[in-house]
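I have placed the structure first, in the form of structure tokens, so that the comments after it can refer back to it.
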Amino acid sequence: MRRGVQVWVTLSCANVCLCGVKQELSQGLDLDGLGEQMTDGDTRLTDICSGAAGSRMATIAEYYAGKNVLITGATGFMGKVLVEKLLRSCPEVKTLYLLVRPKAGQSMQQRVSDMMTCKLFDRVREDNPDFHQKIIPISSELMQPGLAISPEDVEKLSGCINIVFHCAATIRFDEPLKHALQLNVIATQQLLSLAKQMHHLEAFIHISTAYANCNRKYIDEVIYPPPVEPKKLIESLEWMDDGIVRDITPRLIGDRPNTYTYTKALAEFVVQQEQDKLNIGIIRPSIVGASWQEPFAGWIDNFNGPSGVFIAAGKGILRTMRANNDAVADLIPVDVVINLTLAAGWYTAVHRPKTALVYNCTTGGINPFHWGEIGRNPLEQAFRRPNANITSNYLINQYWILVSHKFPALIYDLFLRLSGQKPQMMRIFNRLHKAISLLEYFSSQDWEWNSENLNMLMSQLTPEDRKTFNFDVRQLNWPEYIENYCIGTKKYVLNEDMSDIPAARQHLRKLRNIRYTFNTVLVVFIWRVFIARSQMARNIWYFVVSLCFKFLSYFRASSTLTN
């Protein structure tokens, strides 16, 4: 069993719980952190201890009952799913405090209200129409000192929060280094400072990425030394002009592909530095995709990562992509990540590991899926018939970009110009090429992740919790998941009517017929040009026609003799 598991878990005699509690008291640990203060009839602390006759370990839902939870990044993709899962599967949770910033002319209250009207919360709404009363938005800005949280809110959070889930981050691969450093590292430092002021904090869970150490082929569940001391880097960049920082960024990030993975590695180190003062867990998901099972299959709300690839391929815009067909596409469903996150929060708070535990949340080493297995589903108003070519060869990929992307885009833009419309196809393809190029590093190679801590955590769950908070990806059926994923992009991202799938298929058949007709006419035209100008071409043509005629005559004669 891995490090950090408390003594009362490994012993089995009836007095183990009492001995474990005495040991914690002798070390001066605050037992109030294991639950609310003991009152008449409160058995939460007894439930947490496992070993005494007639007692049991608290389930995850029982642990979160009565807890106040702080969530950053709650309006993002993963944050929404985390909020929904907590409200649905831990209905007795007390309050969810969400750090939210005003955006695009919307107040934080409007952003949270819009989030709660999302289809994602339909199941929660059915069970508890007043679930919004458990959600309290807190005005915050990750780019500002102290996260721009008011003194009144700091005092409120310091006095009541039990668990922090830090999901907020910039996930843009091409984010300028200064901006990525502010959002992923400095904001994390400031949140940790706030967490150290929380009197009843039991766990701090940080969402990182499995690619924080992508410069290594084998990645263990440990925090590796950072490429540079974060404090020194922050101090150095403060006085530098943005142009200078942009120029030196490639040398700073070294063998990492982008500022995202670089700053997430620094953030892990920053979090680890507080492991003596806080109970910390770190979740490292790989490429987060649509939901597998919860709250319903295929839910997705963005164009990021594989979602954009599926949509571009389904629309017939993406016709070629540079990737290794045999490389593992380490997709991880968002509900798997969230289930693991909540389980890790429970384990971290209950068992209080002495060091920060890292959980590699990946599929490649457990239930691998490869880039060459990605399928397609028809989308409305496809530009061309979906037929993406995946190749690892740079020259072949460039050839298909020219033939299947740029040439059709030029023709289409010419048509738009002649019809008095604004050309747009070449601009779309340029943006697509930029996005796909950012993914090439991850679609061209494999990594191996250790998952001992993940397996250990799974072994600690009750059968009920393994079902309710399922993160066992061995059960994942990839063809079914990818099909639901593609349908989810159509249904939830593009807001297309599922009843229009037959019409979409009919449109694809029309595009196929147009393609065949165009290719036939093109071949005949080119051949006729050659025949008109070349005696050799005419000889070849007559030879082929003569050969076909002789074959048909022989076939007809053979049939006559047989009869």
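The values are calculated or read from the model by the stated rules, or taken from the named source; none is laboratory data. If you're wondering where the values come from, they're calculated on a predicted model, not measured in any experiment. Quick reminder, even Gly has a Cβ in these numbers, built from the backbone with ideal geometry, and neighbours come from all protein chains shown. Remember, those area values only see protein heavy atoms, side chains included, never the ligands or the DNA or RNA. Shrake-Rupley method; radii C 1.70, N 1.55, O 1.52, S 1.80 Å.
How do 234-246, 358-370 rank on mean C-beta neighbours within 10 Å, highest first?
Highest mean packing first, the order is 358-370, 234-246.
Would you work out if the range 143-288 is rounded, prolate or oblate? Take a ≥ b ≥ c from the square roots of the eigenvalues of the alpha-carbon gyration tensor; rounded if a/c is under 1.5, else prolate when a/b is larger than b/c, oblate otherwise.
oblate
Kirkwood Rh over alpha-carbon pairs of the range 247-291, then Stokes-Einstein at 10 °C and 1.306 mPa s: what D in µm² s⁻¹, rounded to an integer?
125 µm²/s
Whenever you get a sec, compute what percent of the accessible area on the range 62-216 sits on carbon and sulfur atoms (1.4 Å probe).
49 percent
What number do you get for the range 245-380 when its Cα radius of gyration is normalised by 2.2 N^0.38 Å, N = residues?
Cα-based Rg divided by the globular estimate yields 1.28.
Can you give me the long-range amide H partners of Trp449? Hydrogens built in the peptide plane at 1.01 Å from N, cutoff under 5 Å, separation of 5 or more residues or another chain.
HN-HN under 5 Å from Trp449: Ile219, Gly365.
Where does each of 332-338, 146-152 land if you order them by average Cβ count within 10 Å, highest first?
Top to bottom by mean Cβ count within 10 Å: 332-338, 146-152.
What spacing in nm lies between the two simple spin-label points modelled at Thr517 and Lys434, each 7 Å away from Cα in the Cβ direction?
With each label placed 7 Å out from Cα toward Cβ, I get 3.7 nm.
Once R0 is set to 45 Å, what does the formula 1/(1 + (r/R0)^6) return for the Cβ-Cβ distance between Asn387 and His199, expressed as a FRET efficiency to the nearest 0.05?
With a Förster radius of 45 Å, E is 0.15.
Would you mind calculating the gained length between Glu448 and Phe303 on full extension (0.36 nm times residue separation, minus the Cα-Cα distance), in nm to one decimal?
49.5 nm
With a 1.4 Å probe and all protein chains kept in place, how do Asp122, Asp330 rank by accessible area, largest first?
Most to least solvent-accessible, the answer reads Asp122, Asp330.
Could you go through the range 539-551 in sequence order and give the Karplus-derived ³J(HN,Hα) for each residue, using 6.51 cos²θ - 1.76 cosθ + 1.60 with θ = phi - 60°, rounded to whole Hz, and x for Gly and Pro?
4, 4, 4, 5, 5, 5, 4, 5, 5, 5, 5, 5, 5
With a cut-off of 20 Å, note down the residues of the range 271-303 whose backbone N falls inside the zone around a label point 7 Å from the Cα of Lys467 toward its beta carbon.
Output list for this probe position: 292-297.
Using a 1.4 angstrom probe on the protein heavy atoms only, could you order Cys118, Cys90 from most to least accessible area?
Cys118, Cys90
With a Förster radius of 56 Å, plug the Cβ-Cβ distance of Met143 and Ser553 into 1/(1 + (r/R0)^6) and report the FRET value to the nearest 0.05.
That gives a FRET efficiency of 0.10.
With r defined as the distance between the Cβ atoms of Tyr394 and Asn477 and R0 fixed at 45 Å, what FRET efficiency is calculated, to the nearest 0.05?
Calculated transfer efficiency: 0.85.
Starting from 0.36 nm per residue, how many nanometres of slack lie between Asp174 and Ile244 once their C-alpha separation is accounted for?
Full-extension gain reported as 23.6 nm.
Using θ = phi - 60° and the Karplus curve 6.51 cos²θ - 1.76 cosθ + 1.60, what whole-Hz ³J(HN,Hα) does each residue of the range 480-490 get, with Gly and Pro shown as x?
Residue by residue, the range 480-490 yields 5, 5, 5, 4, 5, 4, 4, 5, x, 5, 5 Hz.
To the nearest whole percent, what portion of all C-alpha pairs in the range 451-495 is separated by more than 12 angstrom?
70 percent
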